[in-house]
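Structure, as structure tokens:
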Amino acid sequence: MAVKTETETTVETALSAQLREGTREDHARAESTPFVADLMAGRLDVAAYADLAAQQHAVYVALEAAGAALGERGASVALPALARVPAIESDLARLWGPAWRDRVDLLPATRRYAERLREVATTLPGYVAHAYTRYLGDLSGGQIIKRMLARHYGLADDVLAFYTFDALERIKPFKDEYRARIDALELTGDERRAVVAEARGAFDLNRAVFAELGARHAPAP
Ligand code: HEM
């Protein structure tokens, strides 16, 4: 039996599986960031959630601008049905009123994240890395986060639109389909490795936003 070289193995493994494996540790770290853990445990408040939504708005504006441009060029992973910007805007308008834009106070980490998206998400490998990290996260852990936010802070669906994907019929089959779309991309081994590296970077960028949010919103003593 022929022994595969490392390169061959990597090329043969589906990209979605490489992404899951390659970001497993980053995911565990992101999940256990104090801000995320405190928010999930009910130790923060609605203001902390609103601030998170405001940071996410800047991130998704950048991600979805890149996605729209790629979608026009036929990219199979840039799907209007995933769009989160209208949902976040509706959440923020409910939370902060019609002048919500005046209350947005972007963190330096959010600016860096949006800047990175403007730099790399305009290319297919860059976009896939970031779309994977955010959208599959929102469709997975995001659904748990939504329940926790409703439970701990009494938030109703009309301020949790970000976590509600009305344009998708059912989440689980969609996630499988999205992974299949990722796996069908024609990318070289080097490009796939770059995608995984960029996804790891995307987790770092998220972690940095959580760290700065944590400095702004400490749990009550
Ligand atoms: C409290 C916070 C979080 C919880 C409880 C959580 C939970 C989960 C769970 C249970 C899954 C697996 C779902 C499945 O197998 O279908 C998952 C997947 C995922 N999460 Fe999270 N998550 C959290 C935070 C995050 C964050 C902050 C990010 C990135 C910004 C993220 C990105 C992802 C991604 C990309 C996946 C898909 C993994 C894959 O199947 O390839 N998650 N999450």
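How about region 21-54: which of its residues are more than 12 Å from the ligand (Cβ to nearest atom) and assigned to a helix (DSSP H, G or I)?
Start the filter on region 21-54 by keeping residues that are more than 12 Å from the ligand (Cβ to nearest atom), which leaves 25, 42-51, 53-54.
Answer for region 21-54, where residues must be more than 12 Å from the ligand (Cβ to nearest atom) and assigned to a helix (DSSP H, G or I): 25, 46, 47, 48, 49, 50, 51, 53, 54.
Is it the case that region 25-33 has a residue that's on the phi > 0 side of the Ramachandran plot and either surrounded by fewer than 16 Cβ atoms within 10 Å (Cβ to Cβ) or modelled with pLDDT under 95 (or both)? Within region 25-33 (the criterion being on the phi > 0 side of the Ramachandran plot and either surrounded by fewer than 16 Cβ atoms within 10 Å (Cβ to Cβ) or modelled with pLDDT under 95 (or both)), the answer is no, since none of the residues qualifies. Filtering region 138-154 to residues that are near the ligand (Cβ under 8 Å from one of its atoms) and more than 16 Å from the chain's Cα centre (by Cα) leaves only 148.
Scanning region 160-191 for residues that are of a type in the set (Val, Ile, Thr) and more than 15 Å from residue 138 (Cα to Cα), we see that the one that is surrounded by the most Cβ atoms within 10 Å (Cβ to Cβ) is 182. Would you mind stating whether residue 86 is not small (Gly, Ala, Ser) and not in a helix (DSSP H, G or I)? It is false that residue 86 is not small (Gly, Ala, Ser) and not in a helix (DSSP H, G or I).
Restricted to region 113-144, and to residues that are of a type in the set (D, E, K, R) and loosely packed, with under 15 Cβ neighbours inside 10 Å, which residue is nearest to residue 206 (Cα to Cα)? By that ranking, first place goes to 115. Do you know which of the residues in region 159-191 that are assigned to a loop (DSSP other than H, G, I, E, B) and of a type outside the set (A, V, I, L, M, F, W, C) is nearest to the ligand (Cβ to nearest atom)? It comes out as 170.
Do we find that residue 80 is under 18 Å from the mean Cα position of the chain (by Cα), loosely packed, with under 14 Cβ neighbours inside 10 Å and at negative phi in this structure? Even if it seems obvious, please write down each step before you answer.
On the way: under 18 Å from the mean Cα position of the chain (by Cα): yes; loosely packed, with under 14 Cβ neighbours inside 10 Å: yes; at negative phi: yes.
Against the criterion (under 18 Å from the mean Cα position of the chain (by Cα), loosely packed, with under 14 Cβ neighbours inside 10 Å and at negative phi), residue 80 qualifies.
Spot the failing condition for residue 219; the list is (1) in contact with a Lys or Arg (Cβ under 7 Å, 6 or more places away or on another chain); (2) within 14 Å of the ligand (Cβ to nearest atom), and only one is missed. Unmet for residue 219, out of (1) in contact with a Lys or Arg (Cβ under 7 Å, 6 or more places away or on another chain); (2) within 14 Å of the ligand (Cβ to nearest atom): (2).
Yes/no matrix, rows are residues, columns are (1) modelled with pLDDT under 95; (2) of a type in the set (Val, Ile, Thr); (3) closer than 18 Å to residue 162 by Cα; (4) surrounded by fewer than 16 Cβ atoms within 10 Å (Cβ to Cβ):
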site: 35; (1), (2), (3), (4): no, no, no, no
site: 52; (1), (2), (3), (4): no, no, yes, no
site: 62; (1), (2), (3), (4): no, no, yes, no
site: 68; (1), (2), (3), (4): no, no, no, yes
site: 75; (1), (2), (3), (4): yes, no, no, no
site: 87; (1), (2), (3), (4): no, no, yes, no
site: 91; (1), (2), (3), (4): no, no, yes, no
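Scanning region 123-137 finds no residues that are within 15 Å of the ligand (Cβ to nearest atom), over 17 Å from the mean Cα position of the chain (by Cα), at pLDDT 95 or above and over 24 Å from residue 90 (Cα atoms). For region 89-127, the set of residues classified as part of a helix (DSSP H, G or I) and among the hydrophobic types (A, V, I, L, M, F, W, C) consists of 92, 93, 95, 96, 100, 109, 114, 117, 120, 124, listed by residue number.
Mind checking whether some residue in region 199-213 is hydrophobic (A, V, I, L, M, F, W, C) and over 14 Å from the mean Cα position of the chain (by Cα)? Yes, the conditions are met somewhere in region 199-213. Against the test of being surrounded by fewer than 16 Cβ atoms within 10 Å (Cβ to Cβ), part of a helix (DSSP H, G or I) and not polar (S, T, N, Q), the options 208, 194, 215 yield a single qualifying residue, 215.
The values are calculated or read from the model by the stated rules, or taken from the named source; none is laboratory data. Only a predicted model underlies this, so the values are computations on that prediction, with no experimental measurement involved. With ideal geometry, Cβ positions are generated from the backbone for all residues, glycine too; neighbour counts draw on all protein chains shown.
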